[in-house]
Structure formats: structure tokens, C-alpha cells
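The values are calculated or read from the model by the stated rules, or taken from the named source; none is laboratory data. Source: prediction; values computed, not measured. All Cβ positions, even for glycine, are placed from backbone atoms using ideal geometry, and neighbour counts span all protein chains on display. Ligands, DNA and RNA are stripped out before the accessible areas are found, and what is left, the full protein with its side chains, is counted by its heavy atoms. Shrake-Rupley method; radii C 1.70, N 1.55, O 1.52, S 1.80 Å.
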Amino acid sequence: MLKKINCIINGEPKEIEVDVRESLLDMLRNRLHLTGTKQGCGVGECGACAVLIDGNTIDSCIYMAVWADGKNITTIEGISKPDGSLSDIQQNYVDKGAVQCGFCTPGFVISTTALLNKNDDPSRDEIRRGLSGNLCRCTGYQKILDAVETTVEQRRNSKK
Amino acid sequence: MENTAIGKSQIRWDAVAKVTGRANYTGDIPQKEMYHGKIYRAKIAHGMVKSIDVSEALKVPGVIKVLTPDDVSSYSFPTAGHPYSLDPKLSDKADRKILTRHIRLYGDEIAAVIAKTELAAEEALGKIKVEYEEYEFYLTPEESLKEGALEIHEGTKNIIADTTAEIGDLETGFKEADILIEHDCYTPTVQHCQMENQIAYAYKDVDGRWVCVTSTQIPHICRRILGQAFGMPWGRFRVIKPFVGGGFGNKQDVTIEPMVVAMSMAVGGKPVMLDLHREEVFACTRVRHAISYKMKFGFKNDGRIVAGDILAISNNGAYASHGHAVVAKGGGMVTALYKVPNFKYHAMTVYTNIAAAGAMRGYGVPQISYAIETFMDTAARKLGIDPFDLRKINMTKAMEENPLLHMTQYTMGLRECIEQGKERFQWEKRVEEVAAAKKAGKLRGLGFAAFAYTSGTYPKGLEAAGCRLVLNQDGSIKMMVGATEIGQGSDTVFRQMVAETVGVPVDMVYADQVTDTDTSPFDTGAYASRQTFVSGMAVKKAAEELKEKILLAALEFAEEGQEAETVDLDVKDCKVIKKSDGSLYTELGDLALKTYYHLNKGICLTADVSNKCIQNAYPYGGTFVDLEVDKVTGKVKIYNILNIHDSGVIINPLMASGQVEGGMTMGISYALDEELRYDSSTGKPLNNNLLDYKMPTMMDVPDLMVDFVEIPDPIGPYGNKSLGEPPNCSPAPAIRNAIADAIGVDINAIPITPQKIIEVLNAKDKEV
Ligand code: FES
Ligand code: FES
């Protein structure tokens, strides 16, 4: 069964017809070709499919597309600034070597964005906890931690 | 002259694409009217299919076809990502078919559905009816080798191979010994858990050939295996590899490509995609070999090893895949680390009914390192010798030939790794801390373990690589390699090599986004930590050739009055300069433009080389660890952990430390958490998902320290030796050794879970 939903995706209002059995992840990837959001498990275990829904990190693979009706959704494609330049978080992931195969990266960038929006001065342990819903097999997480801590520090310094 | 690109922390070229979601992996590339394939998998672990009924499945709306073993090519093919061997005796076992009636593992591939949507394909899977004749199944070599066990593959007695490598005479050696020490240990079945599951799609191209776009580590090998699976000339296939979301050896095997091509063949060449679920990847692709070791070594009282006997039995699961090569590698790694004048390495690889074991980061070396390095620790205690001293007494040296691998090592930096590592780790200070903690009743311990590795597979396997360079009109360089970027950063490192050798900035060298067997020069792919070393040789050769051509062209295009006969030129920072005084001779961009567009002279400059590497170099290193065991919960807390590596010259320190950190993390969870387990009553995997299989999250990984001892190796193209797999080899034995130090009991089977620790502590309490 198909159903029409209305939502905002990366700042643009959209009207989309979705299968009622379809996940938000499938809707984003297959109907809108927003393929930056990845699937690593399909059942909420890995965080590769993370998106922001009204500012909260959600695994889009276990979120029904129909639930997105009326929601404000940001995918990795909506994280860069409107002029195409990288967000500070993205830039630090690049500079600190936090990216290897990159398959987990969109999910990590999304989760980091939400984490730092909610807590602008997280401790190392709070970062670990905040990003523990995202799995990465390549990096051992060290350089991801570096990237996040660097962002926190830069933001703190720019406020001074 | 000072390096301009080698040894610098270059940012990887694809990082921006990856942080913005613009890097296209196999599943991100849209195809018009793509069908979706799904595999119907066995619900038993061993037996025969008596009947398959697909009639109901075919009625599901959207289903195009359902394939059974009778509908697909029935050629047997090998799957291992090994180069083709001209000697049939050395060929990989061809024991796979695309679909099978003979079920050898839970999840074996019986039928396949092709449908317009994934949902329709899934629904159809649920409607296929299969009747089985069930056989007894075996989860361990012990079971499949017992008297009267059924043969999983006919005529094999369930043994893939049984080999013995020997040096000297074992019995004489044992007679010379003052003390004999025995040690048994076990390493478990674990999985790669690369974040991108196996995914591929296939179609018939306009030229009538079959194209397979796939997430693979081995595009050129994959093409050959497709030829074998369909009994067709290899050139009829083209394999394309987009960005890959990790492999770690899981994709150094051909697991889904023949199937997806067969699916496309069944629908007239329309594109069909096959995208495995995580549960299928765990249960039905590849795992690491579980190996059990029985060891007996003879020592002199002063610590010298005089004899060593190792029996290694490797659980290969249901299909041969990489088979015996994995456990067989172990013997040469022992003799790379230590001199064992009388040595016997008896290895056996055995079929069972679990997931097929193939290549996984370290290729048998995490296992043998675990065996030999836990053994050395136990032996040191029995001999009353400091474990570092025991290692130093027996260590091999530079310029010695490995008696099993028959290759001379020109550098051997383990001694330096131990010295520098102790300092960096503050070993002496930690010894005091740990002693104080122990006094206070804490279960705190220190451990160390070493490893040896190889750079590529020579002389066991072919080592060939190719590189093509084109000088663009603006003086930039297009680089094409057959080596395979899967996230490890090889393309970035190759760009640095080209930049260094030609004399241009790194950002003037462009890599390919895909590896394509039609356009990328032949290279066997991403495995054996071979690429910086083996493919690096080809890259250097091509870069030298291009530079040579640039210098000749500069002379050909010398301006009037510019000396052209005797002048010695060089290229630096995109400028052709005079060597004598560094003055500008011509801009590289200007020269390139002339080579393209001068009406009468010059030609576009390219270099296209292929190279066979007939050398090997052994990287060394080790792990230092400081940890505490919680008496109540049995949990292990790592306070400090350091990996130190002798990988020769480090090409890119930032990316190199990233490799080490990733490998250490895999090694830590190998020691403490990970194991793919099976239900002994059904043969079904119990934890084939990311929730129950304990892959570490950010909360589980401590802060990691990384260090390098940079001894330039004369064989490596830039003084480098391999690095990708080594970091995974020594953390597990180091952690086990530290736990032994903390609790005073040797636990020899990993993973050392809290449950095991508590059981051991309880048993110890009872003894007292
Ligand atoms: S794909 Fe959604 S959590 Fe793994
Ligand atoms: S970078 Fe590969 S999984 Fe994280």
C-alpha cells in the first residue's frame, strides 16, 4: 500500500509517496537518491544509517518512512553548509584522519552533530558514550575521538 | 635530498567525498530497471536436498524467476583470492558451485529468487519449500576427524591438507635440552565485520560481455574466477570495484559474484543486484580459522631454544576457500621471530560444517603469534628468565635467511621495538605501579608479545603489479593502478610515491575512483599487506620512467640558447630545474603543453609498467599492555596499551597510525570478546548479528598508543615494509600474558571472557 507523506528534508519541503512497509532509510536512498546514508545491518545495530529527525539521532533503518510525516529530517547531504563547504565536524574528520573506508562516516558525522548540539563541552567519556551507537571497524575510534575533541575545543575557543 | 612527499601526513584524497556522503559505494550507483536477487539458504547444517518446490514462490507478484541448482552453471570453482597458478598441483581447491543440493553448512545456497523489488524477493523466499535428508554434522575438527565421520567433501576424509615442515632433527634437539616445556592453546572463529556487507550487481554490457560491479578486494582475481565458474574465457567478464566499505580479507574471496552474474544471465542480461544481510555475511561468507595448537619446546637452562614441535589443527569450515595456506604460514613466522635449530611444524586443515574460513587480517599470524607468544611468556616464567631477555636470546637477526621461507631479511627491528617500546610505555615505572597495586590486593598485570609478518606472499605466491601514469596538459599526473583501495589508503600512499619520484606536489597526482579490469593494469589486489611494498615497486618504476621521459622532452624542447647537450636536469615542485644550481629550466606545465600540441615534435608522455616482485621483507613489532582484572565481575580494564612497529620507512604517519589503531582494536576484542558461536544441537550460528557478536564500540576501546621504529629496508621501494595486517597480530597474546600476570593463572583459549576469568578465579580460591 502506498501513502503520501510530507516532510522537510535537508531544509526542503517534500511530498513523497512511500510503501507503508518501507523504512525511512529505503525511502531516502531509493526514492530520493540520498545515498550518503548507508546500511550496515538494517536492524538498528550499527548506526551507519543515522539521520537527524527534529534534531535527534535516529537509525533510519528501523524508522518507518510513514512516521516521517511532518518531521524535519537532516541527512549527511544536509550537513555541509549551503555554500558547499564542510561543517567544522566534517573538516576535523578529514584533517584528523578519522576516515578510512568511510562507510561508517556519514553516521558518525550525524551522531557527532547531534551530540555537540546537545552538549557543547562533553568529556572524553561522554563522547564515547554519545557515539557508542555507531560502529566502525577500521579506525579503532581513536581518530574519531580526536576529531570530535578538536571540534569541541575549536568551538570553545571561538566563543572566547 | 630531503623527501617532499614520503613520510608526510598527507590527508587521504577521498576523505571529503566520504564525509559528505558523495563517495559512491556499490549500492549507491543507480541502474535503470534493476532487479533484486535473494538467496534461499539451507536450514540444516549437513545433508542433501531431496526436493525443491518453487511453485508458490513464483506466484508472488513481482517475482521474475526462481533458480535451482539445475538452472545455473554447474562448474566447480575455487573462491580464494589467490593468483592463478600455472601448476595445477598448486591450484586452490575448486569445491564450490553456484547453487548446491549437497548442504555443507547452515545457510548453504540452494536456490535464488530474482524479483522486481527486494520485498517481493524476500516474500518469495518464504514460499520456497525444501525437503532434506539430514546428516550428522561437525562443528570442530575433533568431530569431523573421528572414526567413521561422514565426508563433507567426497574422497577427502575431511582433511584439506596435512603438511610438515622441518628443520634439523627434533629428537636430537630434545635430547640436548635441559628442560622441556609444553603448551596447548586455542584461537576462536571470528569475523571481519567490515561495515559494508557483500554487495554486487551484474549486467550484460552493450558489447555482449558480462559486467560485475562489486565490493571486492580482488577485481582481477574475481574476473578469472567468474571465467572458471561459467567455463567461459576470462575476457568475457569485466569487474568494476567502486568505493569499498572495508574488507579485512572477507572480500579477498569470491563469495557472491558468480551468483549475481548467474542471476543476470537468467534474465537476459538485465541488471540484478544482490545485497547480503548482515546475518548472511556472518553465517555464510568467510570467517577466521579457529586453530588449536599443541606445542613442546626444549630449552637450555640459559634460555636458548634447542628444539620446537608444533601441531596446529585448523578449522576450515564447509568449503576450502583459502584452505591450508593460512595455518601453513605459521611455521615461517615462528622461524622469522626465533631461531629454532631443530623444528617441526605439523599443520592440518580440516573440513567441518561451519562457515568457510578464508583470509582475515593477519592470515594465520594472529593465531600463531598467540600460540608462540603465550608460550614464550609461560616458558620465561618456568625458566626464571625475564620474558624480554628470553626473546632477545632467541631472536633472529638482520641478514639471516629464514630457513622455512628461504628469504634473507635485510632488516630486523624487534630489538629496537622492545627498547624504544619499553621507554615509550614507561615499562619500568609501570612495573613498580603494578607491584604496588598487587600489594594492595589488586589483580593488575603487565604483558608483552611480539610478532613477525611478511610483505606480500612471495615466494609462495605470485607478486605482480602494474601502474600507468599519464602526464596531463597542465603537468599534473593521472595515475592508474590495479592495486585496490578498500579504505586502507593505498591510493593516497601511491600518489605520495609518484609525487616524490617525479617531483610534483601530491595534489597534482590524481587517483581513480574505481578499479576496473578493463582499464586498471593487472594487479592481484588488496591482501597480504602487499600493496605499499609490491604495488609500490610498480608505482616507483612507472614514476621513474615518466620522469626520465620528462627530462628527455625538456631537452627536446630546449629554447634557443638553452644548453641542451650536457645539462643535468631534475624535476622539483612542477619545475624542471638544473641540478647544478637549482635554476628553472622550464615549467613542467609548459613542457607538457608542448608535448601535446607541438605540430611536429614530441609525444604525450606516459609510462605503463608491470612489475614482478621476487623479494619479501619481514616487518616486526609488538604490543605492551597494562591492565587490571576486576575480581568481582571478571572484566578486564586496559590502562595502557602500545603497539610499536618496525615497518621500515613510514610513508604516511597519520594513515599509518590509523591502520595500527584499527588493527589493535581488532586484536583487543580478539583477546577479550569476539567469537562466532554455533548451536551444538542444530549447527546454526547463535550470534550472527552485530548485537550478539561482541564487536567493540567506542566505549569498549581504551586510548591506544602507537609508535614506529623506522629502519629503512633496502628491498622496500621507499625503504618501507608492510603495515596493514601486522597491528592485529600481537595484542591478543600480550593481553593474555598480562592477565596471566594479574591473576597468576594461564588462560590459553581466547576470548578471555569475564565468565572464563571468574571460573578460573573460583577454582583458584577452592585450591587455597
Ligand atoms: S543500518 Fe541502521 S543501524 Fe545498521
Ligand atoms: S572507516 Fe571503515 S568502518 Fe569506519
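In table form, for the structure just shown:
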item: Gyration tensor verdict on chain B (Cα atoms; rounded if a/c is under 1.5, prolate if a/b is larger than b/c, oblate otherwise); result: oblate
item: Pairwise label distance in nanometres, A:Glu126 with B:Lys756, each label 7 Å out on the Cα-Cβ vector; result: 3.7 nm
item: Extended-chain gain in nm, criterion 0.36 nm per residue less alpha-carbon gap, B:Asp70 and B:Gln31; result: 11.2 nm
item: Separation of the A:Lys81 and A:Gln154 label points, Cα + 7 Å toward Cβ, nm; result: 1.1 nm
item: Dipole magnitude of region B:7-161 about its Cα centre (Cβ charges: Lys, Arg +1; Asp, Glu -1), debye to nearest 20; result: 780 debye
item: Cα shape, the protein assembly as shown, gyration tensor, a/c 1.5 rule; result: rounded
item: Zone residues, region B:297-328, relative to B:Asp184, backbone N less than 14 Å from point 7 Å out along Cα-to-Cβ; result: B:311-313
item: Rounded accessible area per residue of region A:2-78, 1.4 Å, Å²; result: 42 Å²
item: Packing rank of B:748-758, B:720-730, B:259-269, where each peptide gets the mean count of other beta carbons within 10 Å, highest leading; result: B:720-730, B:259-269, B:748-758
item: Accessible surface buried once A binds B (1.4 Å probe; total of both sides; Å²); result: 4000 Å²
item: Per-peptide average of other Cβ atoms within 10 Å, ordering B:689-699, B:102-112 highest first; result: B:102-112, B:689-699
item: B:Leu599 paired with B:Arg236, simple spin-label distance in nm, labels 7 Å along Cα-to-beta-carbon; result: 5.1 nm
item: Added length on full extension, which subtracts the Cα-Cα distance from 0.36 nm per residue, B:Lys116 to B:Asp207; result: 30.3 nm
item: Estimated FRET transfer efficiency (B:Ser680, A:Asn56; beta-carbon r; R0 51 Å; 0.05); result: 0.75
item: For A:103-116, mean number of other protein chain Cβ atoms within 10 Å; result: 3
item: Electrostatic dipole magnitude of region B:699-767 [Cβ: Lys, Arg +1; Asp, Glu -1; Cα centre; debye, to 20]; result: 200 debye
item: Residue list for region B:583-607, given a label point 7 angstrom along the Cα-to-Cβ vector of B:Gln473 and an amide N cut-off under 13 Å; result: B:590, B:592-598
item: Shielding of A:91-98 by partner chains, average beta-carbon count, 10 Å; result: 5
item: Computed lengthening from B:Glu587 to B:Glu133, 0.36 nm per intervening residue step minus Cα-Cα distance; result: 155.9 nm
item: Most to least packed among B:642-655, B:115-128, A:30-43, A:77-90 [average Cβ atoms within 10 Å]; result: B:642-655, A:30-43, B:115-128, A:77-90
item: Carbon and sulfur %, accessible surface of chain B computed with the full protein complex present, 1.4 Å; result: 51 percent
item: Inter-chain shielding of B:268-277 (mean C-beta neighbours from other protein chains, 10 Å cut-off); result: 1
item: Test item: Cα-centred dipole of region A:2-78, Lys/Arg +1 and Asp/Glu -1 on Cβ, debye; result: 80 debye
item: Accessible area of region A:88-159 belonging to carbon and sulfur atoms, whole % at 1.4 Å probe; result: 41 percent
item: Part-to-part distance (alpha-carbon centres) for region B:33-73 and region B:219-241, which is given in Å; result: 24 Å
